[in-house]
1. Given the criterion outside any strand (DSSP E or B) and at pLDDT 95 or above, identify the matching residue among Glu66, Glu122.
2. If I filter the range 66-73 for residues that are surrounded by 14 or more Cβ atoms within 10 Å (Cβ to Cβ) and more than 13 Å from the chain's Cα centre (by Cα), do I get at least one hit?
3. List, please: which pairs have Cβ atoms under 9 Å, are six or more places apart or on different chains, and start with a residue in the range 19-45 that is at pLDDT 95 or above and end with one that is aromatic (Phe, Trp, Tyr)?
4. For the range 64-93, name all the residues that are in contact (Cβ under 8 Å) with a residue 12 or more places away in the chain and small (Gly, Ala, Ser).
5. What are the residues in the range 77-102 that are in a helix (DSSP H, G or I) and closer than 16 Å to Leu31 by Cα, if any?
6. If you check Arg51 against the conditions, is it crowded, with 19+ Cβ neighbours inside 10 Å, at pLDDT below 95 and of a type outside the set (Val, Ile, Thr)?
7. Taking the range 35-63 only, how many residues are among the hydrophobic types (A, V, I, L, M, F, W, C) and either over 19 Å from Gly106 (Cα atoms) or part of a loop (DSSP other than H, G, I, E, B) (or both)?
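The values are calculated or read from the model by the stated rules, or taken from the named source; none is laboratory data. Please read these numbers as outputs of a predicted model, since none were measured by experiment. Don't worry about glycine lacking a Cβ; one is built from the backbone with ideal geometry, like all the others, and counts go over all protein chains shown.
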Amino acid sequence: MRVCTIFLPRLEYPTPTPDERKVDMEICHTLSIRGVPKARLLVALCANAARHGTHDDDQLTIAQAEALLLQANGQRLGLVMGRPIYMTLADEEVDPLLYDDHAGDGTAARVIAELKALLERESKKDDH
């Protein structure tokens, strides 16, 4: 019996330039959450997420959200109180793709914009 060895050429992928990486980030459509308290954002995302399965109508509290974020330790969140979040809230930007797949296109952007507007109103109210 004859054994045949096939050698395939090794594929080399060039390291992307900074401009190419910028284009990749633009394709991802990340959303800025700079200055937004992560726990408040998680509460808002949870309140606007679609329910997954049969879960009660309990709302996530700020204290629960803070505990979940500590437990996640920078990793992506999955189901939170039966609601699909599927986001990492550790950075200054989030990728809304998986969240929006469940909650509807643009839901994450709307939730973040509404929370930013609320925070701005609260800030102005505190200044007076």
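1. Numbers: Glu122 fails: at pLDDT 95 or above.
Being outside any strand (DSSP E or B) and at pLDDT 95 or above holds for just one of Glu66, Glu122, which is Glu66.
2. Of the residues in the range 66-73, the ones surrounded by 14 or more Cβ atoms within 10 Å (Cβ to Cβ) are 66, 68-69, 72.
Those left that are additionally more than 13 Å from the chain's Cα centre (by Cα): 66, 68.
Scanning the range 66-73, I find at least one residue that is surrounded by 14 or more Cβ atoms within 10 Å (Cβ to Cβ) and more than 13 Å from the chain's Cα centre (by Cα), so the answer is yes.
3. As it stands, the answer is Leu45/Tyr99, since those pairs meet every condition given.
4. Listed by number, the residues that qualify are Ala65, Ala72, Gly74, Gly82, Ala90.
5. Step one: list which residues in the range 77-102 are in a helix (DSSP H, G or I), which gives 97-102.
Within the range 77-102, Leu97, Leu98, Tyr99, Asp100, Asp101 qualify.
6. Working: crowded, with 19+ Cβ neighbours inside 10 Å: no; at pLDDT below 95: yes; of a type outside the set (Val, Ile, Thr): yes.
Criteria not met by Arg51.
7. Initial filter on the range 35-63 (among the hydrophobic types (A, V, I, L, M, F, W, C)): 36, 39, 41-47, 49-50, 60, 62-63.
Of the ones still in play, those that are also either over 19 Å from Gly106 (Cα atoms) or part of a loop (DSSP other than H, G, I, E, B) (or both) are 36, 39, 49-50, 60, 62-63.
Adding up the residues that qualify gives 7.
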